[in-house]
Amino acid sequence: MKQADLIWMNGELVPWEDAKVHVLTHALHYGTGVFEGVRAYETPKGTAIFRHADHIDRLWKSAEMYCMEIPYSKEEIRQATHETIARNGLRSCYIRPLVFRGAGPMGLFPLDCPVDVTIAVWEWGSYLGDEGKANGVRAKVSSWRRISSESLIPSAKATGQYLNSVLAKIESHKAGYEEGILLDQRGFVCEGTGENLFVVKGGRIATPGYTSDILGGINRLAAIEIARDLGYEVAERDIARGELYLADEIFMTGTAAELTPIREIDDMPVGDGRPGEITRRVQAEFENALHGRSERYASWLDVVQVPQPAT
Ligand code: PPE
């Protein structure tokens, strides 16, 4: 992660080191924030944000589910994001919009606290390493189950909910793996700590559906569409843990992780221990879409208009 110069904070660009909050920020105590992870890539048309509108829509939905009214329009947030990237002079970056309950009355009732909005950007390489993206990562089924709809809202991207992923991430890291895979409350495969998961068997692709309490990943949707366009069958269905061990190929998708293959699960090689052909083909096309090399998916890119300096 490489620090940038400016962070957008409640309507203003402030120096990176000045983007601070009060210790009584509600979200620090109770996890009352929602966020997005977005990426922008250098493309032939200039810097472009991948599926920006979808990320903004999901941010609004997440905020709504936690009764937070965002004091800006979607278009204002889109423009602010463009400006933040341009003013930091970045050609490609990770983008982290955050909407949170700020400093106000303490106690669980959040509705009298202000809703603060920030947008940070920074250069971020491969989340699970270049080596992992090329050759696959080693993953472990976590002892922690994914949060269920009985107690939280798995489809919301809320900060407090990430304690679940944090526990699974620590566990897998301490055990020497690159990623943890969480099962849902029923014991079916759900997702990685920050990625959705796909299993390939006999030429067919399957991925857990919304009934498995997944976060509805935007890259998940992109991968499904790309795989179908390549002629593969993709089923959204329950996946038993045992299917992970029988799979020919497994890969994960996420904004940070992009499309990363899994080469080993619970110390057993996936297929022959190298990313398989279907993973490779979907990954190649996905990379083309991200980097603006595919006309077919050109509408997924929001090209950053760099404002002209004032004369
Ligand atoms: N599940 C979870 C739990 C998740 O956090 C992510 C994104 C996904 C699935 C994939 O969603 P999408 O990015 O829309 O395809 N995880 C974000 C946060 C990672 C982090 O370390 O922070 C991300 O990839 O930006």
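The values are calculated or read from the model by the stated rules, or taken from the named source; none is laboratory data. All values reported here derive from a predicted model rather than from experimental measurement. Cβ placement follows ideal geometry from the backbone for every residue including glycine, while neighbour counts extend to all protein chains displayed. Surface accessibility is based on the protein's heavy atoms, side chains included, excluding ligands, DNA and RNA. Shrake-Rupley method; radii C 1.70, N 1.55, O 1.52, S 1.80 Å.
Residues in region 59-98 that are assigned to a loop (DSSP other than H, G, I, E, B), open to solvent by less than 70 Å² (accessible area, probe 1.4 Å) and closer than 16 Å to Gly46 by Cβ: Asn88, Gly89, Leu90, Ser92. When we screen Ala134, Ala27 for residues that are at pLDDT 95 or above, more than 16 Å from the ligand (Cβ to nearest atom) and either open to solvent by less than 50 Å² (accessible area, probe 1.4 Å) or in contact with a helix residue (DSSP H, G or I) (Cβ under 7 Å, 6 or more places away or on another chain) (or both), the only hit is Ala134. Against the list (1) open to solvent by less than 70 Å² (accessible area, probe 1.4 Å); (2) out of contact with any Phe, Trp or Tyr (no Cβ under 9 Å at 6 or more places or on another chain); (3) farther than 24 Å from Gly125 by Cβ; (4) not in a loop (DSSP other than H, G, I, E, B), the condition His55 fails is (3). Checking each residue in region 137-159 for being among the charged types (D, E, K, R), assigned to a loop (DSSP other than H, G, I, E, B) and either touching a Cys at 6+ places or on another chain (Cβ under 9 Å) or within 11 Å of the ligand (Cβ to nearest atom) (or both) picks out Arg146, Lys157. Condition check: free of Cβ contacts under 8 Å to residues at least 24 places away in the same chain, more than 21 Å from the chain's Cα centre (by Cα), open to solvent by 40 Å² or more (accessible area, probe 1.4 Å) and farther than 21 Å from Cys190 by Cβ. Does Gly271 satisfy that? No.
The combined condition, being touching a strand residue (DSSP E or B) at 6+ places or on another chain (Cβ under 6 Å), touching a residue at least 12 places away in the same chain (Cβ under 8 Å) and open to solvent by less than 10 Å² (accessible area, probe 1.4 Å), is not fulfilled by Thr159.
If you go through region 182-201 and keep only what is closer than 16 Å to Arg145 by Cβ, in a strand (DSSP E or B) and within 11 Å of the ligand (Cβ to nearest atom), you end up with Leu182, Cys190, Glu191, Gly192, Leu197.
Taken over region 35-52, the criterion of being open to solvent by 10 Å² or more (accessible area, probe 1.4 Å), in a strand (DSSP E or B), more than 24 Å from Tyr162 (Cα to Cα) and not polar (S, T, N, Q) is satisfied by Tyr41, Glu42, Gly46. The listed residues are Ala223, Ala298, Ala284, Ala256, and the only one of them that is within 15 Å of the ligand (Cβ to nearest atom), part of a helix (DSSP H, G or I), at pLDDT 95 or above and among the small types (Gly, Ala, Ser) turns out to be Ala223.
The single condition from (1) open to solvent by 20 Å² or more (accessible area, probe 1.4 Å); (2) in a loop (DSSP other than H, G, I, E, B); (3) within 30 Å of Trp144 (Cα to Cα) that Ile214 fails is (1). Scan region 160-177 residue by residue and report those that are more than 10 Å from the ligand (Cβ to nearest atom), closer than 29 Å to Thr118 by Cβ and not small (Gly, Ala, Ser). If the condition is that a residue be more than 10 Å from the ligand (Cβ to nearest atom), closer than 29 Å to Thr118 by Cβ and not small (Gly, Ala, Ser), then Leu163, Leu167, Ile170, His173 are the ones that fit.
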